[in-house]
1. Hey, does the stretch 334-347 have a residue that's surrounded by 23 or more Cβ atoms within 10 Å (Cβ to Cβ) and part of a loop (DSSP other than H, G, I, E, B)?
2. Answer yes or no as to whether Ala302 is more than 26 Å from Gly383 (Cα to Cα), touching a Leu at 6+ places or on another chain (Cβ under 6 Å) and either touching a residue at least 12 places away in the same chain (Cβ under 8 Å) or assigned by TED's automatic domain parsing to the domain that holds Pro225 (or both).
3. Output the residue which, of all residues in the stretch 161-213 that are in contact (Cβ under 8 Å) with a residue 12 or more places away in the chain, of a type in the set (Lys, Arg) and in a helix (DSSP H, G or I), is surrounded by the fewest Cβ atoms within 10 Å (Cβ to Cβ).
4. Select from the stretch 393-416 the residues that are of a type in the set (D, E, K, R) and within 20 Å of Lys345 (Cα to Cα) and write down the one among them that is surrounded by the most Cβ atoms within 10 Å (Cβ to Cβ).
5. Select from the stretch 225-256 the residues that are assigned to a helix (DSSP H, G or I) and of a type in the set (A, V, I, L, M, F, W, C) and write down the one among them that is nearest to Arg167 (Cα to Cα).
6. Go through the stretch 309-355 and report how many residues are within 18 Å of Leu366 (Cβ to Cβ), touching a Ser or Thr at 6+ places or on another chain (Cβ under 9 Å) and β-branched (Val, Ile, Thr).
7. When you look at Arg325, is it in a loop (DSSP other than H, G, I, E, B) and at pLDDT 95 or above, yes or no?
Amino acid sequence: MQANTSSASQDVASQNGAAVPDARVRFRFRKLVLLSMDRIKGGISFFASAAVHFILLIILALWVAPTGPGGNSGEITLLPYEQPPEDLSIIQTVTPIEISTALDTMQQELQTDSAAAGELTKLTEPLPNQMATNSQAATLETRSDLQKNLPWQMAIPSKTGGGFQGRNGELQKELLSARGGSPATEDAVERALRWIAAHQLPDGSWSFNHHEVEVGKLSPNPGEPLTRTGATGLALLPFLGKGYTHRNENPYRDQIEQGLYFLRANMIIGPNGGDLQDGSMYGHGLATLALCEAYAMTGDPALRTEATEAVHFIEYAQHDQGGWRYQPKQPGDISVFGWQLMALKSALLGDIKVDSSTIGMAEFWLDRVQQADGAYYGYQHPGKMVSPTSIGLLCRMYLGWPKEDPRMHRGVDFLSDEGPSKTDMYYNYYATNVLCHYGGPQWEGWNDELKAYLIKTQSRKGYTTGSWYFDEKRSRVGGRLYVTCLSAMILEVYYRHMPLYSEKSLDFTF
């Protein structure tokens, strides 16, 4: 009976010139509704809920496609809701409609009602009140053929704050000096790149078990032969961070091109996007980050399709509560989450659109693992742990939290008081990015200590020259390649990303 009703409704819609919203569009709209309703709780929740549903019904009622000459363009057709198929990414196009004005009006009305606006900032779970973020006021735009009018796509941001311009030319030298780098840090980076390049496999990939390369057998501390795409993505990032690509003149142009080709050739493109997991969303996030950085830096059209498809897979893999974990749709953990969000940020720097409901749900998930209003973070639950806090704060920076936010100040002080780790380069990598963007005495003290430590501990012996290894639980899995890549990127922090909080930054946020 339901199928007959649906078919009949579609026939009526066709006769009247009305477009039936495809399953993917209806699902996204419903996802946006659910996110809004998760934030409605308290004494006036019934009235706020009714208001939101009333406005959404009006919007759906106005969902009418333009008719041809002589068509009845004034007729409104309401269509029954259909359960979307499991595969929600098969249909790619839908006719744009004019609803942005209605949404703007809705937002203005809610903002003028302080009580309702206060209720809309609350989450389903009783969490501490939070300050409004820039991203809550962001203008929403669309991806590809959903251009300009649909409400669930994020705006293309400024490409200055957090961007890649500092990786090249005189600006790299300027940032290196201004943010605390030195010729010694640059020499260490170049030594690391030579070691990484020497351990590339013949097919263009890298492996965390660097003993798979003949010369690698001469270096100790191999990791486990896990996700090859993840190892390749991570190995490419230090080259890109230094400003080296497959399109400019540099000593590693061929190695970079071969690595990118390996990722493109090993992507499995399906209805949910381009899968680069090779066993884990860790691998997918790292590989997507490398593809998106390479595309944003070069504009090479050969990379755009795969980079875009990889972003679509991240959107598909997100759990209903907004997180990511080892496998698609699993409840999130902040470690896997961080790489996915960094990949989405890099996608935007290359003008690759990202679904704003994905970012909205990501913010919602961060709220669920925060402590002290967002100054500190846990792994899967609220907590005050240094590594999760470093990831959470960097994500908040890219999601629009200002430097002056007292929660940011408390979190930065927490990391600064903890200081750099002697063994955990994963924590050091994220915390270094947070403190470098934040600046001030906290950054100066952190940088002076960590850069001296990394320069001192980099191997200068035989086949390990240029590499690092510190015995730590993650290092035992990722091995010498993993530790060397992270350490090199720490020493590139001065210019890897443009400052987020300075006159040179034009507010890069989602």
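The values are calculated or read from the model by the stated rules, or taken from the named source; none is laboratory data. Just so you know, these numbers come straight off a predicted model, no measurement behind them. Because the Cβ atoms are built from the backbone with ideal geometry, glycine has one as well, and the counts that use them run over all protein chains shown.
1. No, the stretch 334-347 contains no residue that is surrounded by 23 or more Cβ atoms within 10 Å (Cβ to Cβ) and part of a loop (DSSP other than H, G, I, E, B).
2. Numbers: more than 26 Å from Gly383 (Cα to Cα): yes; touching a Leu at 6+ places or on another chain (Cβ under 6 Å): no; either touching a residue at least 12 places away in the same chain (Cβ under 8 Å) or assigned by TED's automatic domain parsing to the domain that holds Pro225 (or both): yes.
In short, no.
3. Among those that are in contact (Cβ under 8 Å) with a residue 12 or more places away in the chain, of a type in the set (Lys, Arg) and in a helix (DSSP H, G or I), it is Arg194.
4. Filtering the stretch 393-416 for residues of a type in the set (D, E, K, R) gives 396, 403-405, 407, 410, 413.
Among the residues that remain, those that are also within 20 Å of Lys345 (Cα to Cα) are: 396, 403.
Values: Arg396: 24, Lys403: 15.
Checking each candidate, the answer is Arg396.
5. Start the filter on the stretch 225-256 by keeping residues that are assigned to a helix (DSSP H, G or I), which leaves 228-241, 253-256.
Going one step further and asking which of them are of a type in the set (A, V, I, L, M, F, W, C), we end up with 231, 234-237, 239-240, 256.
Numbers: Ala231: 22, Leu234: 17, Ala235: 17, Leu236: 14, Leu237: 12, Phe239: 10, Leu240: 8, Ile256: 16 Å.
Per the criteria, the residue is Leu240.
6. 3
7. Details: in a loop (DSSP other than H, G, I, E, B): yes; at pLDDT 95 or above: yes.
Yes; evaluated as a whole, the condition is true for this residue.
Rundown of residues vs (1) surrounded by fewer than 18 Cβ atoms within 10 Å (Cβ to Cβ); (2) of a type in the set (Phe, Trp, Tyr), yes/no style:
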| site | (1), (2) |
| --- | --- |
| Ile391 | no, no |
| Tyr426 | no, yes |
| Tyr429 | no, yes |
| Cys436 | no, no |
| Asn447 | no, no |
| Leu450 | no, no |
| Val493 | no, no |
| Tyr501 | yes, yes |
